[in-house]
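Read-outs throughout are calculated quantities, based only on the coordinates presented, and are distinct from any laboratory measurement. Just so you know, these numbers come straight off a predicted model, no measurement behind them. Here the Cβ positions follow ideal geometry from the backbone for every residue, glycine too, while neighbour counts run over all protein chains shown.
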Amino acid sequence: MMSSKSNPKVVMIDLSRQESLGSALREALDKFSDEICLIEADRERENHRLTYRQFKEMSLSLAGFLQARGFKADSRAAIIMTNQSRWPISAYAIFHSGGVLVPLDYKLTASEQAALIRHCMAEVLITEYHIWREITQTADFESLNIGTVIVTDAPKKADLKGALRWEDARSEGEPAFIPRKRSDWACIVYSSGTGGRPKGCILTHDNYLEQCSSLTALYPFWPGVRYLSILPTNHAIDFMVGFIGPFVCGASVVHLRTLRPEFVREAFPKYRITYVALVPLILKNLQAGLEQRFADLPPLRRFIFNRLVDLNKALTRKRPNLNLSRKLLKPVHAAFGGELTAVFTGGAFSDPKMLQFFYDLGIQVGNGYGLTEAGTAITLNDFNPFRADTVGKPLPGMEVKILNPDADGIGQVAVRSRTIMSHYLDDPELTAETIVDGWLLTGDLGRFDSIGHLQLFGRVKNMIVTEEGKNVYPEDIESAFEGIPVKEFCVFAANYIWPERSMLGEKLIIVLNFEPGQEFTEALRDQLNSRNSRLLNFKRISGYVTLDSDFPRTASMKIKRYALAEEIRQKFDRQSALKEL
């Protein structure tokens, strides 16, 4: 394997000459055939290591099997799997065959997964046995029209309900490579969970190739680089920087199949990790663990350590100096493997104090901002200079502007670039609302500072983003509360009703309007909490507001959410109106 000192510009695939993800990956598999591309680790055990040549053989065998069963250009295939090597193997088989990949979140409920499979009209599903078993038990399972289902890890005598075993999904011979154009669909990516209006973003091959070019210009990969994959590959960040980016550069990806902290910590020195992507929630937990270890040091050692941190802060205030930080704070960097270059984070708001904590230790956290609709990232911190209170500067090729800025320069963030999605699947109305004259309206409030860094201050739209990077649209979870004994109800993001120019403290609330003479009772509270408990934790409401007037509605009886939010805002302040469940 080439040294991590290798020159990345010499080895990276020239993406400007590629027409599709399939062609780019195909060239990479041949160019880096003897390099290690995937390492799959589970607790203390390493399941396997695959070279690019072995990866190619496994993928093409699966591609041949799919093609023999009628899979062709533009066929749609969904993947629902946890973090493992069979995910990218399946993805390349789909791209090699000219198909459209639908990466679905394995953490969704089986009913939600089935709804999305139905919405995207997937002809193929590749998933794990336990996920498939749950899908087969959903109420509308019989209406799913999937031609081919392939399951992994199935017990020998299990009833697969028509599915095929992963081990049997193989073929001999070389499958046809189906070329695609840059304008063709590459993926259908869902930007929300999905109880209400599924938001399937159509992302083209051009979208991904341009995004990959932008990101690798700032953070290059090459043979010898090792990326630790903790996020599931269906996550937009990991799909790009834990699959496409490393592969077109000949790097290695370490799939960790456990999130237990002790095994995550061990993976850094064991595999001498270069890059990792983490959502803010995991970063926060990592910070808490480090702070506790520092606090447990004997007094003299803690004093010396703190002075070294102060010295590192003084010497790297304007620019990072990784070599210097590794020498001054050697035990900290040794715990991360000694070669960690950067941590990527995004998908949710990151506390500036947390980012500063890591930077002061010489651990660079590349904080970014993006939307599914914009590919992966819109802005990213390039440490030139480091700013903990921003999400960095626009990536190469990104045009970002602030719409209708107020006196403080704050307005809605709009983006235009070749990475912007084509449209929402089967939803021209929502597409027209979201992309106006070629500009993607993000729904986020922001402003640029004097040196071109973007700062975020809250949301224009009715949604929240959790610390795990999950987009939650209140409309999508209202079905969970259908039938509660009130005249009418509506779910909102609290910050949508009472804008706070902050990305912290985002929560969901339910607004209740009672029948004449009805009051809020403990029985109603119990019913709300019972419905709440059936939701995934990041979709749960945390409080309620009561309103004594009918909700404003359209001629077709849809709730005018903006008008209702404005009415509540005018009548109540947040502190007096919002009550906890």
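The table below lists the values:
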read-out: Distance (nanometres) between label positions extended 7 Å along Cα→Cβ at Glu46 and Lys507; value: 4.7 nm
read-out: Cross-link table Lys31/Lys107; Lys470/Lys579; Lys507/Lys571, entries beyond 27 Å C-alpha to C-alpha; value: Lys31/Lys107
read-out: Globularity ratio of segment 235-296, using Cα Rg and 2.2 N^0.38 Å; value: 1.27
read-out: Length released on extending from Asp34 to Asp449, taking residue separation times 0.36 nm less the Cα-Cα span; value: 144.7 nm
read-out: Volume in Å³ per residue [convex hull over Cα atoms, computed for segment 230-376]; value: 119 Å³
read-out: Three-way shape label, segment 294-335, alpha-carbon gyration tensor, a/c 1.5; value: oblate
read-out: Trypsin sites (Lys or Arg not before Pro) restricted to DSSP loop in segment 530-581 with at most 11 other C-beta within 10 Å; value: Arg534, Lys558
read-out: For the chain, size of Cβ-based charge dipole, Lys and Arg +1, Asp and Glu -1, in debye; value: 1880 debye
read-out: Calculated diffusion of segment 152-202, Stokes-Einstein form, Kirkwood radius summed over Cα pairs, 4 °C and 1.567 mPa s, µm²/s; value: 84 µm²/s
read-out: Cα-based shape type of the chain, given that a ≥ b ≥ c are square roots of the gyration tensor eigenvalues and the cut on a/c is 1.5; value: oblate
read-out: Net length gained if the chain between Asp153 and Arg307 were fully extended (0.36 nm per residue, minus Cα distance); value: 50.3 nm
read-out: Stokes-Einstein diffusion coefficient of segment 278-459, Kirkwood radius over Cα pairs, 37 °C, 0.692 mPa s, in µm²/s; value: 182 µm²/s
read-out: Semi-axis lengths (Å, descending) of the ellipsoid that matches the C-alpha gyration tensor of segment 194-241; value: 26, 16, 7
read-out: Calculated FRET value between Lys401 and Lys560, using beta carbons and R₀ = 45 Å, to 0.05; value: 0.95
read-out: Segment 153-262: trypsin sites (Lys or Arg not before Pro) in DSSP coil with no more than 10 other Cβ atoms inside 10 Å; value: Lys156, Lys157, Lys181
read-out: Computed FRET value (nearest 0.05) for Ala217 with Gln356, which takes r as the C-beta separation and R₀ as 25 Å; value: 0.45
read-out: Hull shadow area, averaged, segment 19-276 [alpha-carbon convex hull, nm²]; value: 13.5 nm²
read-out: Estimated FRET transfer efficiency when R0 is 22 angstrom, pair Phe294-Lys327 (beta carbons, to 0.05); value: 0.75
read-out: Relative contact order of segment 332-396, defined on C-alpha pairs under 8 angstrom at six or more residues apart (%); value: 27 percent
read-out: Point-to-point label distance, Ala523-Leu430, nm (Cα→Cβ direction, 7 Å offset); value: 3.8 nm
read-out: Under the Debye formula (equal points on every Cα, no solvent term), log10 I(q)/I(0) of segment 474-580 at q = 0.12 Å⁻¹; value: -0.39
read-out: Once exposed loop GluC sites (Glu not before Pro) are cut out (DSSP; at most 10 other Cβ, 10 Å), longest piece of the chain; value: 173-481
read-out: Fully extended contour minus Cα-Cα distance, from Ser530 to Ser143, at 0.36 nm per residue; value: 136.4 nm
read-out: Alpha-carbon centroids, segment 309-349 and segment 129-146: separation in whole Å; value: 47 Å
read-out: Overall form of segment 473-519 per C-alpha gyration tensor (a/c, 1.5; a/b vs b/c); value: oblate
